[in-house]
């Protein structure tokens, strides 16, 4: 059964099918990211309902609809439903979009929640950075030999978005003193697209996970992004959407029923 779901995910991704453009009235949109480098594959439950099975490190879901209000999020080692590795309340607002990342080491696992943007000026691109590497130092992200776009990001910090001209940027993650931590040369940011770039893994294996939050389609029609929709050829050291397949099957079932209390 899991292979069947994984094949479905692959087909959807091949044809560029995304989640619902907007949540229904009274709902929020939520995606889940496994960002804990030493945590096992996990199952995620919301209000007692399974929403993700067998998600491994670096897996990211598509956006899923969740009724506004308070919800209980529980994360278990895959295939179990005893002794959750994390149990935490989550409050979401209607019409809002969120990324919920399981972050930190397994011993200190916690949810990091960020509000996602679902708009961009036509002809522009928009990007933000999240620091989800538990032992990495405070970092800046900026142009190589140039100005910083984001400064002083500490672990669990999610920066504000910056709107930029689309194009290819030679970026780097560096310490505030200017020492390069990770080379991101050749980073391509497409027009009409909103990105979240998360620094993940441990400091000695630092990498980035790039998620497409939103795309303004021709004619002004919106499209919410798949969990990791950036192409590997587009962003050089980036973990692409196929991480979802490696992370196990996502549950493609009636989302209204799935998330109902």
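Being over 25 Å from residue 61 (Cα atoms), without any contact (Cβ under 8 Å) to a residue 40 or more places away in the chain and either touching a strand residue (DSSP E or B) at 6+ places or on another chain (Cβ under 8 Å) or part of a strand (DSSP E or B) (or both): is that true of residue 177 here?
On the way: over 25 Å from residue 61 (Cα atoms): yes; without any contact (Cβ under 8 Å) to a residue 40 or more places away in the chain: yes; either touching a strand residue (DSSP E or B) at 6+ places or on another chain (Cβ under 8 Å) or part of a strand (DSSP E or B) (or both): no.
Taking the combined requirement at face value, the residue does not satisfy it.
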Segment 78-116, residues that are farther than 24 Å from residue 39 by Cβ and surrounded by 17 or more Cβ atoms within 10 Å (Cβ to Cβ): 97
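Please go through segment 202-212 and pick out each residue that is assigned to a strand (DSSP E or B) and either out of contact with any helix residue (DSSP H, G or I) (no Cβ under 9 Å at 6 or more places or on another chain) or surrounded by fewer than 20 Cβ atoms within 10 Å (Cβ to Cβ) (or both). Full working, then the answer.
So in segment 202-212, the residues assigned to a strand (DSSP E or B) come out as 207-212.
Listed by number, the residues that qualify are 207, 208, 210, 211, 212.
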Residues of segment 42-89 satisfying the condition of being assigned to a loop (DSSP other than H, G, I, E, B), over 26 Å from residue 195 (Cβ atoms) and touching a residue at least 60 places away in the same chain (Cβ under 8 Å): 47, 78
Every residue from segment 140-173 that is over 22 Å from residue 204 (Cβ atoms) and not in a strand (DSSP E or B): 145, 146, 147, 159, 160, 161, 165, 166
Number of positions in segment 188-236 that are under 19 Å from the mean Cα position of the chain (by Cα), at pLDDT 95 or above and within 19 Å of residue 162 (Cβ to Cβ): 19
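In segment 31-52, how many are farther than 18 Å from residue 109 by Cα and crowded, with 20+ Cβ neighbours inside 10 Å?
Looking only at segment 31-52, we keep the residues that are farther than 18 Å from residue 109 by Cα, and these are 47-51.
Next, only the ones that are crowded, with 20+ Cβ neighbours inside 10 Å stay: 51.
Number satisfying all stated conditions: 1.
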Where residue 23 falls short, out of the listed (1) at pLDDT below 95; (2) in contact with a helix residue (DSSP H, G or I) (Cβ under 9 Å, 6 or more places away or on another chain); (3) more than 27 Å from residue 201 (Cα to Cα); (4) surrounded by 22 or more Cβ atoms within 10 Å (Cβ to Cβ): (2)
Qualifying residue in segment 186-201 (condition: without any contact (Cβ under 8 Å) to a residue 40 or more places away in the chain and surrounded by 16 or more Cβ atoms within 10 Å (Cβ to Cβ)): no
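The values are calculated or read from the model by the stated rules, or taken from the named source; none is laboratory data. Not measured: the values here are computed from a predicted model. Every residue, glycine as well, gets a Cβ built from its backbone with ideal geometry; the counts of neighbours run over all protein chains shown.
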